[in-house]
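The structure appears right after this line, and notes come after that.
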Amino acid sequence: MKGKRKILIIGILLVIVVALGSIGFYYWYENAYYVSTEDARVNADFVSVTPQISGKLLELNVDEGEKVTKNEILARQEMNNLPDTSVEQSLVRAPIDGIVVKKQGTVGELLSTGQTLITLVDPTKLYISANIEETKLEKVKVGQPVDITIDEYDSQKFGGKVKTIGEISNSAISLLPSSTSGTFTKVVQRVPIKIELDNFDSKILPGTNAVIKIHIK
């Protein structure tokens with residue numbers, strides 16, 4: 001009976017050792033071959049559409065979510081005392097091919113020169129903004145391949161590559177003043193990087209969360 005109990009205990013210990021070894025190997029492999037973070041999100045360059053002149057908004061021809069093409073007329077303003085030869089100045093055109101993500105004007109409203117009327121993004125030029133811990137930054141290089149999981153599509157994997165690495169930490173550009181007290185707590189700083197997405201067919205929403213895994217070997 002004692003012999004069976006001894007064998008059982010040895011078997012349990014072996015299982016525990018194997019399990020701990022597997023966990024240890026997994027974390028070693030992940031740290032040796034990848035730099036990962038959940039501090040990432042889909043981003044885009046937002047383009048503001050603004051009127052060339054001040055005047056009442058007479059027409060607004062788009063809604064949020066609509067696709068527009070470069071130079072398409074999106075809105076028209078009252079010309080006031082401008083000559084007919086200046087009609088082009090009263091037209092608000094799309095500066096890029098893109099999608100309307102925000103409309104901030106109402107017909108009848110008085111607009112000022114430079115006031116944002118519409119915000120566009122180019123859905124083909126989305127990218128991932130991520131923040132990497134300073135202790136891992138040395139391993140990250142421009143051009144490294146990246147595995148991307150976007151929360152909006154949790155079962156679908158996307159590919160990309162490191163496009164740029166920030167030259168300054170996020171805290172360095174914070175508007176908050178530094179502490180002048182005698183107490184100091186060291187905090188691991190994070191540096192922003194930009195990841196270029198490979199070709200994709202899915203509709204991805206800017207601002208949604210992502211998880212990235214950078215191949216460093």
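The values are calculated or read from the model by the stated rules, or taken from the named source; none is laboratory data. Note that this is a predicted model, so its numbers are computed, not measured. When we count neighbours, we look across all protein chains shown, and the Cβ atoms used for this are built from the backbone with ideal geometry, even at glycine. Ligands, DNA and RNA are stripped out before the accessible areas are found, and what is left, the full protein with its side chains, is counted by its heavy atoms. Shrake-Rupley method; radii C 1.70, N 1.55, O 1.52, S 1.80 Å.
Descriptive notes on the structure:
- Each helix, a run of at least 4 DSSP H residues, gives -39500 (n - 2.57); summed and divided by the residues of the chain, these come to -5500 deg cm²/dmol at 222 nm.
- Where GluC sites (Glu not before Pro) fall in DSSP loop in region 112-154, at most 16 other Cβ within 10 Å: E134, E152
- For the chain, a simple Cβ point-charge model (Lys and Arg +1, Asp and Glu -1, everything else neutral) yields a dipole of about 1660 debye relative to the Cα centre.
- About its Cα centre, the dipole of region 2-110 is roughly 1440 debye, where the only charges are +1 on Lys and Arg Cβ and -1 on Asp and Glu Cβ.
- Heavy-atom surface analysis with a 1.4 Å probe gives the chain a carbon and sulfur content of 56 percent of its accessible area.
- Excluding same-chain neighbours fewer than eight residues apart, the lysines reachable from K213 by a Cα-Cα span under 27 Å are K125, K136, K139, K141, K157, K161, K163, K186, K194, K203.
- Where the chain is the region considered: accessible area per residue in Å², 1.4 Å probe: 66 Å²
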